Structure formats: C-alpha cells, structure tokens
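Student: There's a structure below that I have some questions on.
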Amino acid sequence: MAGVYSPIKLKDYVQATNLKGKKYSFLSDLTREEMTALFKVAEMMEPYTRIGLNIMSDKVMCALFFEPSTRTRFSTETAMHRLGGSVITESNPTQTTSAAKDESMWDMLRVISQYADILVLRHPDEKVVFDALPAASIPVISGGYGSITHPTQGLLDVYTLWRIRGTLEGTKLLVSCPDLSRARSGHSCALGAAIMGAEIVYAGPKDLPVPEEQLEKLRATGAKVTEVFDPSVKEHEDLIVESDAVYLPGCRIPKGGDARELYMEYAKSYYIGMEPLIRAKEEKGKTVGIMHSLPRFAGEFDFEIDNTDNELYFKQVAYGIPIRMALITSMVGLD
Ligand code: CP
C-alpha cells in the first residue's frame, strides 16, 4: 500500500497495536494481529521517512545506550526526529552519567521518567534491566538486552519480509550462525517470523545452542522449529537452497588468545557463497533473501551478494525507520 497519510486510519491502527504506555522487550509481547497493525502503521509512515510528520512535537525521547550502536540508536533517534519530537541521548553512560558514580539503574529509570515521554535502552545485562524496569513510569523500548533479545531489530527484519513477500505464511527462515547462544537479533527475528506464520530452521554448533528460554517462546507460537547441529559445508548449502530467507545474526567475533582464529574456523561451515543462491534460482526458481543485522565481517558471506536480488540487509536498514516511527507512535499514543 505505502499510501497516503490518513489520521483516522492511523489512529485506528495505532490503537490496535495495544502498545500505548507499555514496555517492549520481546517480539512475543505482540500477537500476530497487533504486529500486523504495527506493520500497517509502519506502511503509513513510509512516505514520511524523509519529509517527516509533526505528530510528536510536544514529546521527548531519551536514548540511553550502555553498548555501542550505529543502527539502533541513530535510526530510533531519526524516527523520533521525523515524527517531529525531540531527543536527548547518551551513548557512553558509564563515563558521563551518574552511572559513573554508581547510581542504580532503578533510580536512573525513575529520574529519566521525569524528563522524557519514552525511553529506548540498550544494556548488556538483561537481569539488570528487568529488575529495574518497574521503576520506569514511561514506555521503554528495548534497544537490545543481553544475549537474548533485540526486538526492534526483529521487528524491522520481519517487516522487511512482510513488505517483500506480502506474508510470512509459508516462509522458511534459516537462522544460521557459529554461535547461537548469543545471537539476540536472530532470536528476535525468528520469534517474530514464527508469530507471523513462518517455519524456523536453526543451524549452529551443538555446544553453543539456542537458549532454552528462546526455544520455549518459539514453541509457544505453534510454529515448526527445527535445529540442525554442526552441519557440514554441503549440508549447510542444502539448507540454504531449501530456504526462502537466511538470517545471519552478526555475532561479535571473540577476542583474546586464539579465540578469533577458532571462531573463524567454525564460521567456515556457515559461510554463504553465491553457489547455493544460484542453485536455488536454477533448481527451485526462487531468490533466497540474505538477511543480516549488521555490522558484517569478511568470512561470513560473499559481499558480491550486495549486487544481487538476494541482498536484503540494506533494505532492512531502510525499513528500520518506518517501523521505529510506528513503534514510538504506538507506545506514546496519539491524543
Ligand atoms: N543491528 C544493530 O543492532 O546494529 P547496531 O549495533 O549498530 O545498533
């Protein structure tokens, strides 16, 4: 649709998300109907991602990031600016906020609630966040918590598939990574895709598996979920050919000692070259979408994919703006 802004329809869809005033931490915080309503809001935002709307002019968003970020922080801030709102931002809080003076997360969230109308928070320790979240009296968007959840990334991933394919029903999504224990963006994408009707296949090492908490959430969706452990290069390529989209969660490469070399050795089994993509086109007549949460590194996949129809990772980046405009609008609410 990507149509024309209609305030009445927009309000209806915003209301149907049931997100006003909430804390958004997991894809499973939304039902399929609510996620579809959010996608409709995002679709209505698409024509305004550059020219902007003026529907948040009296609102302030705080961005508080305890971990580095390019996409999540900048795109959420961009979304708020495009909605006509204001942004206060902190990307080094352990040095330049009172966290440096050991202020608790509980007190920080209570204090920020007096200044801002919505908070986007990234933190490496989900326990610290979940213990403190009740102190926030404003809506809180997770910008990524610990190793388990990165819900705005998952939303933009699933929105990308929804926009390109029209539906997630019947979609086979392969999530593939040399370390599935820390693949928070892959887990969020898988959960959102499962809620929207996709089948999920995980490929990864047996000794770094998908966390049980994630598997429980996936099982609760009723989606078909398969785990393939330690695939050979050939087995992995066959999985790619059978898939409609492949998601690379972009794990951080471990540092220190020989950790990097070991990881890169592991990574060889999960490399995505052009060959299985060409085979999928020739044998199945399909274009397998290659998705990545970025940043990427050499050795994960053939960067020649940038110049093919298989590339979805930069499209995901672009869809990150309307979906975050939709999320902020739905969580703050329209008067
Ligand atoms: N995709 C993602 O979360 O990127 P950043 O770490 O740059 O925000």
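Student: Can you tell me which residue within region 53-79, out of those that are buried (at least 17 other Cβ atoms within 10 Å of the Cβ) and aromatic (Phe, Trp, Tyr), is nearest to the ligand (Cβ to nearest atom)?
Tutor: If we take residues in region 53-79 being buried (at least 17 other Cβ atoms within 10 Å of the Cβ) and aromatic (Phe, Trp, Tyr), then Phe65 is nearest to the ligand (Cβ to nearest atom).
Student: Shifting gears a bit: Quick one: count up the residues across region 216-234 that are among the acidic types (Asp, Glu) and surrounded by fewer than 12 Cβ atoms within 10 Å (Cβ to Cβ).
Tutor: 1
Student: Here is a follow-up. Within region 8-52, which residues are touching an Asp or Glu at 6+ places or on another chain (Cβ under 9 Å), of a type in the set (Lys, Arg) and either buried (at least 21 other Cβ atoms within 10 Å of the Cβ) or in a loop (DSSP other than H, G, I, E, B) (or both)?
Tutor: Residue satisfying the conditions is Lys22 alone.
Student: Let me ask another. Could you tell me whether Ser147 is under 15 Å from the mean Cα position of the chain (by Cα), in a strand (DSSP E or B) and within 16 Å of the ligand (Cβ to nearest atom)?
Tutor: Criteria not met by Ser147.
Student: With respect to Ser181, is the statement that it is farther than 18 Å from Lys315 by Cβ and among the hydroxyl-bearing types (Ser, Thr, Tyr) true?
Tutor: Answer is yes for this residue.
Student: Out of Thr89, Thr76, report the one residue that is in contact with a strand residue (DSSP E or B) (Cβ under 7 Å, 6 or more places away or on another chain), closer than 19 Å to Gly52 by Cβ and not in a helix (DSSP H, G or I).
Tutor: Thr89 is the lone residue from the list that is in contact with a strand residue (DSSP E or B) (Cβ under 7 Å, 6 or more places away or on another chain), closer than 19 Å to Gly52 by Cβ and not in a helix (DSSP H, G or I).
Student: What number goes with the only condition from (1) in contact (Cβ under 8 Å) with a residue 60 or more places away in the chain; (2) away from the ligand (no atom under 13 Å from the Cβ); (3) of a type outside the set (A, V, I, L, M, F, W, C) that Gln114 does not pass?
Tutor: Going through the list (1) in contact (Cβ under 8 Å) with a residue 60 or more places away in the chain; (2) away from the ligand (no atom under 13 Å from the Cβ); (3) of a type outside the set (A, V, I, L, M, F, W, C), Gln114 breaks only (1).
Student: Please go through region 222-239 and pick out each residue that is touching a Gly at 6+ places or on another chain (Cβ under 9 Å) and either assigned to a helix (DSSP H, G or I) or closer than 21 Å to Tyr145 by Cβ (or both).
Tutor: Glu237
One line per residue, one yes/no per condition, for (1) touching a Ser or Thr at 6+ places or on another chain (Cβ under 7 Å); (2) farther than 24 Å from Gly154 by Cα; (3) surrounded by 13 or more Cβ atoms within 10 Å (Cβ to Cβ):
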| position | (1), (2), (3) |
| --- | --- |
| Ala198 | yes, no, yes |
| Pro205 | no, no, yes |
| Pro211 | yes, no, yes |
| Gln214 | no, no, yes |
| His236 | yes, no, yes |
| Ile240 | no, no, yes |
| Arg252 | no, no, no |
| Arg279 | no, yes, yes |
| Val288 | yes, no, yes |
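Student: Quick check, is Leu38 away from the ligand (no atom under 16 Å from the Cβ) and in contact with a Ser or Thr (Cβ under 7 Å, 6 or more places away or on another chain)?
Tutor: For Leu38, the condition - away from the ligand (no atom under 16 Å from the Cβ) and in contact with a Ser or Thr (Cβ under 7 Å, 6 or more places away or on another chain) - is met.
Student: Return the total of residues in region 191-214 being part of a loop (DSSP other than H, G, I, E, B) and more than 25 Å from Ser269 (Cα to Cα).
Tutor: 2
Student: Scanning for something out of contact with any strand residue (DSSP E or B) (no Cβ under 7 Å at 6 or more places or on another chain), within 20 Å of Ser69 (Cβ to Cβ) and among the small types (Gly, Ala, Ser), does region 280-300 turn up at least one residue?
Tutor: Checked region 280-300: at least one residue is out of contact with any strand residue (DSSP E or B) (no Cβ under 7 Å at 6 or more places or on another chain), within 20 Å of Ser69 (Cβ to Cβ) and among the small types (Gly, Ala, Ser).
Student: Somewhere in region 324-334, is a residue away from the ligand (no atom under 14 Å from the Cβ), out of contact with any Cys (no Cβ under 6 Å at 6 or more places or on another chain), free of Cβ contacts under 8 Å to residues at least 12 places away in the same chain and not β-branched (Val, Ile, Thr)?
Tutor: no
Student: While we're on this one: Give me a count of the residues in region 171-219 that are touching a Lys or Arg at 6+ places or on another chain (Cβ under 8 Å) and of a type in the set (S, T, N, Q).
Tutor: Counting residues in region 171-219 that are touching a Lys or Arg at 6+ places or on another chain (Cβ under 8 Å) and of a type in the set (S, T, N, Q) gives 1.
Student: Let me ask another. Please go through region 50-66 and give me each residue that is touching a helix residue (DSSP H, G or I) at 6+ places or on another chain (Cβ under 6 Å) and farther than 28 Å from Pro93 by Cβ, ordered by number.
Tutor: Gly52
Student: Here's another thing I want to ask about it. Of all residues in region 176-190, which are more than 16 Å from the ligand (Cβ to nearest atom) and either part of a strand (DSSP E or B) or within 17 Å of the chain's Cα centre (by Cα) (or both)?
Tutor: Ser176, Leu180, Ser181, listed by residue number.
Student: Could you check how many residues of region 180-196 are of a type in the set (A, V, I, L, M) and surrounded by fewer than 24 Cβ atoms within 10 Å (Cβ to Cβ)?
Tutor: Residues meeting the conditions: 1.
A short reminder: the numbers here are calculations on the coordinates, not readings from a lab. Worth saying up front: this structure is predicted, and the values here are computed from it rather than measured. When we count neighbours, we look across all protein chains shown, and the Cβ atoms used for this are built from the backbone with ideal geometry, even at glycine.
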